[in-house]
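A.B. asks: Following this message is one structure expressed as structure tokens.
Taken together, the values in this text are just the output of simple stated rules run on the coordinates, not laboratory data. Everything numeric in this text was worked out from a predicted model, so none of it was measured. All Cβ positions, even for glycine, are placed from backbone atoms using ideal geometry, and neighbour counts span all protein chains on display.
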Amino acid sequence: MKFVWIILAAVLAAFGLALVLDPPATFDVWVLRKQAILLSGVAAFALMSAIMLLAVRPVWLERPLGGLDRMYRAHKWAGILAIVLSLLHYLLELGGPLLAEFVAKPAKGPRVETFLDVFRGSAKELGEWSAWLLAAMLVLTLWQRFPYHLWRYVHKALALVYLVLAFHGVVLAPAGYWTQPLGWLLALCAAVGSVCALIALSGRIGRRRAYRGVVVAVARPGERMLEVTCRLGRNWRHKAGQFAFLTCDRLEGQHPFSISSADRGNGEVRFSIKALGDYTRRLQDALAVGDAVKVEGPYGCFDFRRGGERQVWIAGGIGITPFLAWLEALQQHPADAPEVELHYCVRSPADAIYAGRLRELCDGLPSVALKVHYSAEEGYLRGDDLGMAPDADGRWPSLWFCGPQGLADLLRRDLGRRGMPARNFHQEAFRMR
Ligand SMILES: Cc1cc2nc3c(=O)[nH]c(=O)nc-3n(C[C@H](O)[C@H](O)[C@H](O)COP(=O)(O)OP(=O)(O)OC[C@H]3O[C@@H](n4cnc5c(N)ncnc54)[C@H](O)[C@@H]3O)c2cc1C
């Protein structure tokens, strides 16, 4: 979310400067309304441009923003905020006649000049249509029961809406803006956002990181669990803890999965897939050795090597996948393992599909202690159960979490109350929408 605040701060600073450089001649409620329309419009447009940038998965932004999964969360919240601001912009515009009922409208002064005045009418009309489309998108996004695969297609069309809004913004921004930092910011946003929208519309997102491959092994280690190993080209490399987008069926499109194996330099990757929805349920029986697949990636910065000497790793259910890759990677270099308590949280012994494999892997790593928790018998794991505390220098262990959001929230709250700094809590998000 820091990313969103930085953009809003840049917009506010540039807008404030524009007011200082070219202050309104008078100050009344009508001027206030006009400025609020402009500010909400510029802020919404800047956020939408940032959303377009995040949508093309720029690898160079992964480190500063904490990985692609977190970038998608920023994309989501920036999107919601941008739509709310666009609707506010539109409602303030619509509210003119209502305001006139209470406060007399001053005699019309000279019209605010815009850059491409001849397109003013069509830019306004297109802007209105876009506001309705954005409102519909907001409802579909917040209504989590709307099927993801349908939502994805509707969501893709937003790149086209963005181009329409770029036209709206460039045509209707006051001409005076273009010679000031606010105009330069708008121009940068429009240029970056439009290029990214064209990349999205032409289906080129992630193309340079896509590998064609073939399924070389399929296993079903437990109920509703599928393990698939794919052979990609020898150029493939990944770090343990990263994820990739797997496409097994062109019509269905890609789905993100953590890579549950370490990189052995042989171009093979393994995905451990739980049937959590329609497609992953169908996939359980659909995949066979020899099937063609496409893998795009790797992405993500879930990497314990950034976490110091004392660590706590917590996996909820299928959230064990990045930890399996870490443990596998450490087998070759056990001395690199920090002092770790690994908590594997499942409902019951029948759900502890990976407990045996984890024990084998931890046997080769003396500094990693494994604990398996059964929530049906012991209740959910709580912050107090972890016994985490700062060392003599006041430094807390780092915590690495992958699993259900509810469990993450619970632990974050418990440990926050005990004084653990929020930055010590690292989470791999298994949801992008
Ligand atoms: C970074 C990351 C790593 C993941 N790693 C694993 C893993 O190792 N093993 C595993 O079993 N699951 C993993 N998941 C979850 C997995 O992606 C979803 O369970 C799967 O995509 C659900 O698809 P579905 O059609 O069966 O379910 P649906 O019921 O259609 O979707 C359930 C939810 O999954 C998400 N989702 C569905 N389709 C997509 C898509 N194409 N792109 C992005 N999100 C989608 C949406 O939030 C949706 O609401 C991971 C998710 C993320 C974001």
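A.B. asks: Enter the Cα centre distance for the pair the stretch 55-77 and the stretch 117-159, rounded to the nearest angstrom.
C.D. replies: 22
A.B. asks: Let me ask you something else. Of GLU101, GLU252, how do they rank once you tally other Cβ atoms within 10 Å and put the fewest first? Kindly include the intermediate steps, with their values, before the conclusion.
C.D. replies: Numbers: GLU101 7, GLU252 14.
Least crowded to most crowded, the residues run GLU101, GLU252.
A.B. asks: Per DSSP helix of 4 or more residues, -39500 (n - 2.57); summed, then divided by the residues of the chain. What does that give at 222 nm, rounded to the nearest 500? Provide the component values of the computation, followed by the final result.
C.D. replies: Numbers: 14 runs with 199 residues, N = 433.
It lands at -15000 deg cm²/dmol.
A.B. asks: Could I get the Rg over Rh figure for the stretch 207-299? Both from C-alpha atoms, Rh via Kirkwood, rounded to two places. Don't jump to the answer; show the numbers that get you there.
C.D. replies: Working: Rg = 12.1 Å, Rh = 13.1 Å.
Expressed as Rg/Rh, it is 0.92.
A.B. asks: Can I ask one more? Only counting other Cβ atoms within 10 Å, I'd like ARG395, ARG207 sorted with the fewest neighbours first.
C.D. replies: Numbers: ARG395 13, ARG207 10.
Least to most surrounded, the residues fall as ARG207, ARG395.
A.B. asks: A further question follows. Evaluate the charge dipole of the stretch 304-427 about its Cα centre and quote only its size in Debye, nearest 20, assuming +1 on the Cβ of each Lys and Arg and -1 on the Cβ of each Asp and Glu. Don't skip to the end; give the middle numbers.
C.D. replies: Numbers: 14 positive and 16 negative charges, 84 e Å.
Its charge dipole is roughly 400 debye.
A.B. asks: Separate question: How charged is the neighbourhood of VAL289? Take every other residue with its Cβ under 15 Å from the Cβ of VAL289, and add Lys/Arg as +1 and Asp/Glu as -1. The partial results should precede the final answer.
C.D. replies: Details: positive: ARG220, ARG231, ARG270; negative: GLU227, GLU268, ASP285, ASP291.
Net charge around VAL289: -1.
A.B. asks: Hey, another quick one. Check which residues have an amide H placed less than 5 Å from ILE273's amide H, if you skip close sequence neighbours.
C.D. replies: The list, which skips near neighbours in sequence, is LEU226, GLU227, VAL228.
A.B. asks: Using the 10 angstrom Cβ neighbour count as an exposure proxy, how do HIS255, HIS343, HIS155 rank, fewest first? Kindly include the intermediate steps, with their values, before the conclusion.
C.D. replies: On the way: HIS255 19, HIS343 23, HIS155 16.
Result, fewest neighbours first: HIS155, HIS255, HIS343.
A.B. asks: Mind listing the phi-derived Karplus ³J(HN,Hα) values for the stretch 112-129, rounded to whole Hz, using 6.51, -1.76 and 1.60 with θ = phi - 60°, and x for any glycine or proline?
C.D. replies: Per residue, the Karplus-derived 3J(HN,Hα) values read 5, 5, 10, 5, 10, 4, 5, 8, 3, x, 5, 5, 5, 5, 5, x, 5, 4 Hz.
A.B. asks: Could you compute the net charge surrounding LEU65? Neighbours are other residues with a C-beta less than 15 Å from the C-beta of LEU65; K and R count +1, D and E count -1. Mind showing how you got there, number by number?
C.D. replies: Details: positive: LYS2, ARG57, ARG63, ARG70, ARG73, LYS76, ARG306, ARG423; negative: GLU62, ASP69, ASP303, GLU428.
So the surrounding residues net to +4.
A.B. asks: Where the centre of each part is set by its Cα atoms, how far does the stretch 1-30 sit from the stretch 199-265, in angstrom?
C.D. replies: Between the Cα centre of the stretch 1-30 and that of the stretch 199-265, the gap is 45 Å.
A.B. asks: For q values of 0.08, 0.09 Å⁻¹, compute log₁₀ I(q)/I(0) with the Debye formula on a Cα-only model of the stretch 2-201, without solvent.
C.D. replies: -0.28, -0.36
A.B. asks: Sequence gap at least 6, Cα distance under 8 Å: using those rules, report the relative contact order of the stretch 207-299 to the nearest whole percent. Before the final figure, lay out the partial values.
C.D. replies: Details: 205 pairs, mean separation 36.9, N = 93.
It rounds to 40 percent for the stretch 207-299.
A.B. asks: Would you mind computing, in nm to one decimal, how far apart the modelled labels at LEU276 and ALA107 are, each placed 7 Å from Cα along Cα→Cβ?
C.D. replies: Distance between label points: 6.6 nm.
A.B. asks: Using only the alpha-carbon atoms, what does the chain span along each of its principal axes? Please give whole angstrom values in decreasing order.
C.D. replies: That works out to 82, 55, 36 Å along the principal axes.
A.B. asks: Sorted from largest down, give the three principal axis spans of the alpha carbons of the stretch 1-91, whole angstrom values.
C.D. replies: Per principal axis, max minus min of the Cα coordinates gives 48, 27, 17 Å.
A.B. asks: Regarding the stretch 317-371, what whole-number volume in Å³ per residue does the convex hull of its Cα atoms give? Numbers along the way, then the final one.
C.D. replies: Numbers: hull volume 3.7 nm³, N = 55.
Cα convex hull per residue, to the nearest whole number: 68 Å³.
A.B. asks: Next question. Which whole-Hz couplings ³J(HN,Hα) result when phi for each residue of the stretch 308-315 is put into the Karplus expression 6.51 cos²θ - 1.76 cosθ + 1.60, θ = phi - 60°, listed in order with x for Gly and Pro?
C.D. replies: Ordered by residue, 3J(HN,Hα) equals x, 7, 10, 9, 10, 10, 10, 10 Hz.
A.B. asks: Count the lysine pairs in the chain that are 8 or more places apart or on different chains: how many have C-alpha atoms under 22 angstrom apart?
C.D. replies: 12
A.B. asks: Another one. Would you kindly state how much longer the chain becomes between TRP129 and ALA10 on full extension, computed as 0.36 nm times their sequence separation minus their alpha carbon distance, in nm to one decimal?
C.D. replies: Working: separation 119, 0.36 × 119 = 42.84 nm, distance 2.77 nm.
Residue separation times 0.36 nm, minus the Cα-Cα distance, leaves 40.1 nm.
A.B. asks: Using +1 at the C-beta of Lys and Arg and -1 at the C-beta of Asp and Glu, which of LEU407, ALA329, PRO390 has the Cα lying farthest in the positive direction of the dipole of the stretch 329-425?
C.D. replies: My answer, from the dipole projection, is LEU407.
A.B. asks: Between ALA100 and ASP336, 0.36 nm times their residue separation minus their Cα-Cα distance comes to what? Mind dumping the intermediate values first?
C.D. replies: On the way: separation 236, 0.36 × 236 = 84.96 nm, distance 7.07 nm.
Between ALA100 and ASP336, full extension yields an extra 77.9 nm.
A.B. asks: Once you keep just the Cα pairs under 8 angstrom separated by 6 or more residues, what percentage relative contact order results for the chain? Numbers along the way, then the final one.
C.D. replies: Values: 666 pairs, mean separation 59.2, N = 433.
Relative contact order for the chain comes out at 14 percent.
A.B. asks: In terms of modelled amide H atoms, which long-range or inter-chain residues lie less than 5 Å from the amide H of VAL293?
C.D. replies: Correct list: GLY213, VAL214, VAL215.
A.B. asks: Report the per residue volume, in Å³, of the convex hull enclosing the C-alpha atoms of the stretch 39-83. Before the final figure, lay out the partial values.
C.D. replies: Values: hull volume 2.7 nm³, N = 45.
Cα-based convex hull of the stretch 39-83, divided per residue, equals 61 Å³.
A.B. asks: Hey, quick one: spin label on LYS76, modelled 7 Å out along Cα-Cβ, who in the stretch 311-327 has an amide N within reach, i.e. under 20 Å?
C.D. replies: 315-322
A.B. asks: Can you run the Rg to Rh ratio on the stretch 60-119? Use alpha carbon positions and the Kirkwood inverse-distance Rh.
C.D. replies: Values: Rg = 19.7 Å, Rh = 15.6 Å.
Ratio value, two decimals: 1.26.
A.B. asks: Fully extended, how many nm does the chain gain between ALA422 and ALA292 (0.36 nm per residue separation, minus their Cα-Cα distance)?
C.D. replies: Working: separation 130, 0.36 × 130 = 46.80 nm, distance 4.24 nm.
My answer for the length gained is 42.6 nm.
A.B. asks: Spelling out what I want: for every residue of the stretch 411-425, take phi, set θ = phi - 60°, compute 6.51 cos²θ - 1.76 cosθ + 1.60 (Karplus), and round to whole Hz; glycine and proline get x.
C.D. replies: 5, 4, 5, 4, 6, x, 4, 7, x, 6, x, 4, 5, 7, 9
A.B. asks: Quick one: which residues, 5+ away or cross-chain, put their amide H under 5 Å from the amide H of GLU268? H built at 1.01 Å from N.
C.D. replies: Those qualifying (amide H under 5 Å, at least 5 residues apart or on another chain) are LEU232.
A.B. asks: Give the Debye-formula value of log10 I(q)/I(0) at each listed q (0.17, 0.21, 0.23, 0.24 Å⁻¹), with one equal scatterer per alpha carbon of the stretch 314-409, two decimals each.
C.D. replies: Reported log10 I(q)/I(0), two decimals: -0.78, -1.14, -1.29, -1.36.
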